[in-house]
Amino acid sequence: MLQVTKDLQLAINELNGGGVIGLPTETVYGLAGNALDAATVSKIFAVKNRPFFDPLIVHVATMEQVRSCVTYIPQALEKLMNAFWPGPLTVLLPKADAIPDLVTSGLPDVAIRMPAHPMALSLLRQLSFPLAAPSANPFGYVSPTTAQHVVDQLGDQLNVVLDGGACEVGIESTIVGWDKENSKVCIYRLGGISVEQIEELLKESVEVKTSSSRPSAPGMLDQHYSPGKPLFLVENQNQIPSNAGVYGVLSFNGQLKGPMVYELSNKGDLIEAASRLFAGLRYLDQQPISAMYLQLLPELGLGRAINDRIRRAVIKSNVH
Ligand code: TXA
Ligand code: MG
């Protein structure tokens, strides 16, 4: 029987028994289980219908926990961890034996993140193990940003979904690693911490390698985050066909109009837009409309991560 709850003890019992739960974080909801237990980890892959080659992020509450999961922390990455944790930053670090190979899909590095959501942190502090957690959506679909989104899609497979409200950030964490060859920090997935924030802290430029031609690289399959209805990218209102019928637009700053409008941010605020993007895609996907149209946002700050998600969401609609 599914319980949607704020009661941490229900989550603790479920997790201690080897179960998986819906977990609120500040980015998106996760599908969480004991990261040190291979049987639980394989359950996560099964519930999400996720291919085993796509590795999972391990969530921790303390630096001590990080040290039990990894063998080494490059200085530049430690600097980022100190500055942005708890928060929407995931760091790739050489994995310790305690982490099952299944978690990293056999890769030498493990992805680690200390989430900022108070409920997630409080839960993690009361557990004797870190939590492996991918976003709690069926593989390839839009990530969930409310407990209800998790219930809608995975509710029949779960006993506990912790309800921590709507996610503040709304898009996934930024994934960074250390490029040994170039002695540089590298961004593998754009996300809740912007490129500018990272470069400002490090006082140097970083590489952004979010290409999808490398399936072992983070979260970067070309087609991802897709709604079910056709989704089209336009440059302006005129590009929406006059015979489009009853359609929906995901608008930013009031720039698109249509029979059904979901505003990402009336005041042109990229942070607000990030927090509303996935909820907007889900909302329109459920309306009686034939298609959805949207524009790219300004390519700066969180706009880059938002545009990355938009491009990936759109691809499915244009490949038949
Ligand atoms: O904000 C987030 O990061 C959310 C919340 C729940 O923490 N989690 C999330 O997980 O977005 P997921 O599984 O949907 O995306 C994580 C991405 C995966 O696509 C995977 O390819 C990459 O991180 N990743 C995980 N472990 C990795 C590793 N060891 N090496 C390279 N990439 C890794
Ligand atoms: Mg995901």
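Just checking, does segment 226-242 include any residue being crowded, with 18+ Cβ neighbours inside 10 Å, within 16 Å of the chain's Cα centre (by Cα) and not hydroxyl-bearing (Ser, Thr, Tyr)?
yes
Could you name every one of the strands (runs of 3 or more DSSP E) located completely within segment 1-93 that has at least 2 residues being crowded, with 17+ Cβ neighbours inside 10 Å?
In segment 1-93, the matching strands (runs of 3 or more DSSP E) lie at 21-23, 30-34, 57-59.
Going by the structure shown, is Gly87 closer than 30 Å to Ala313 by Cβ, away from ligand 2 (no atom under 16 Å from the Cβ) and free of Cβ contacts under 8 Å to residues at least 24 places away in the same chain?
Working: closer than 30 Å to Ala313 by Cβ: yes; away from ligand 2 (no atom under 16 Å from the Cβ): yes; free of Cβ contacts under 8 Å to residues at least 24 places away in the same chain: no.
Considered against the rule, which asks whether it is closer than 30 Å to Ala313 by Cβ, away from ligand 2 (no atom under 16 Å from the Cβ) and free of Cβ contacts under 8 Å to residues at least 24 places away in the same chain, Gly87 comes out as no.
Cβ contacts < 9 Å: first residue more than 16 Å from ligand 2 (Cβ to nearest atom), restricted to segment 192-205; second residue of a type in the set (Phe, Trp, Tyr), any location; separation 6+ or different chain. Result?
Ile193/Phe84; Gln197/Phe84; Ile198/Phe84; Leu201/Phe84
Show the residue pairs that are 6+ apart or on different chains and have beta-carbon atoms under 7 Å apart, the first residue being within segment 1-18 and closer than 14 Å to Ser122 by Cβ, the second being hydroxyl-bearing (Ser, Thr, Tyr) and surrounded by fewer than 15 Cβ atoms within 10 Å (Cβ to Cβ).
Pairs that qualify, where the first residue is closer than 14 Å to Ser122 by Cβ and the partner is hydroxyl-bearing (Ser, Thr, Tyr) and surrounded by fewer than 15 Cβ atoms within 10 Å (Cβ to Cβ), are Leu8/Ser122.
Restricting to segment 176-214, name every residue that is at pLDDT below 90 and more than 15 Å from Leu92 (Cβ to Cβ).
Matches in segment 176-214: Ser211, Ser212, Ser213.
Which of the residues that make up segment 155-167 are touching a helix residue (DSSP H, G or I) at 6+ places or on another chain (Cβ under 6 Å) and either within 20 Å of Phe45 (Cβ to Cβ) or of a type in the set (D, E, K, R) (or both)?
Passing the criteria: Gln157, Asn159, Val160, Val161, Asp163.
Each row is one residue, and each column tells you yes or no for (1) among the charged types (D, E, K, R); (2) under 19 Å from Gly87 (Cα atoms); (3) in contact with a Lys or Arg (Cβ under 8 Å, 6 or more places away or on another chain).
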| position | (1), (2), (3) |
| --- | --- |
| Pro118 | no, yes, no |
| Pro130 | no, yes, no |
| Ala133 | no, yes, no |
| Phe139 | no, no, yes |
| Val142 | no, no, yes |
| Leu154 | no, no, yes |
| Gly164 | no, yes, yes |
| Cys186 | no, yes, yes |
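Sort out which residues of segment 137-167 are within 16 Å of ligand 2 (Cβ to nearest atom), in contact with a strand residue (DSSP E or B) (Cβ under 8 Å, 6 or more places away or on another chain) and either among the hydroxyl-bearing types (Ser, Thr, Tyr) or part of a helix (DSSP H, G or I) (or both), and write them in order of number.
Correct list: Tyr141, Ser143, Val150, Gln153, Leu154.
Say whether the condition of being at pLDDT 95 or above, among the β-branched types (Val, Ile, Thr) and within 14 Å of Leu23 (Cα to Cα) is met by at least one residue in segment 126-146.
The answer is yes; a qualifying residue exists.
Which pairs turn up if I take residues in segment 120-138 that are within 8 Å of Gly30 (Cβ to Cβ) and of a type in the set (A, V, I, L, M) and look for partners that are assigned to a helix (DSSP H, G or I) and modelled with pLDDT of 95 or more with beta carbon separation below 7 Å, at least 6 apart in sequence or on another chain?
Filtered contacts from segment 120-138: Leu131/Leu124; Ala136/Val150; Ala136/Leu154.
The values are calculated or read from the model by the stated rules, or taken from the named source; none is laboratory data. This is a predicted model, so every value here is computed, not measured. Methodologically, a virtual Cβ is constructed for each residue, glycine included, from the backbone with ideal geometry; neighbour enumeration extends over all protein chains shown.
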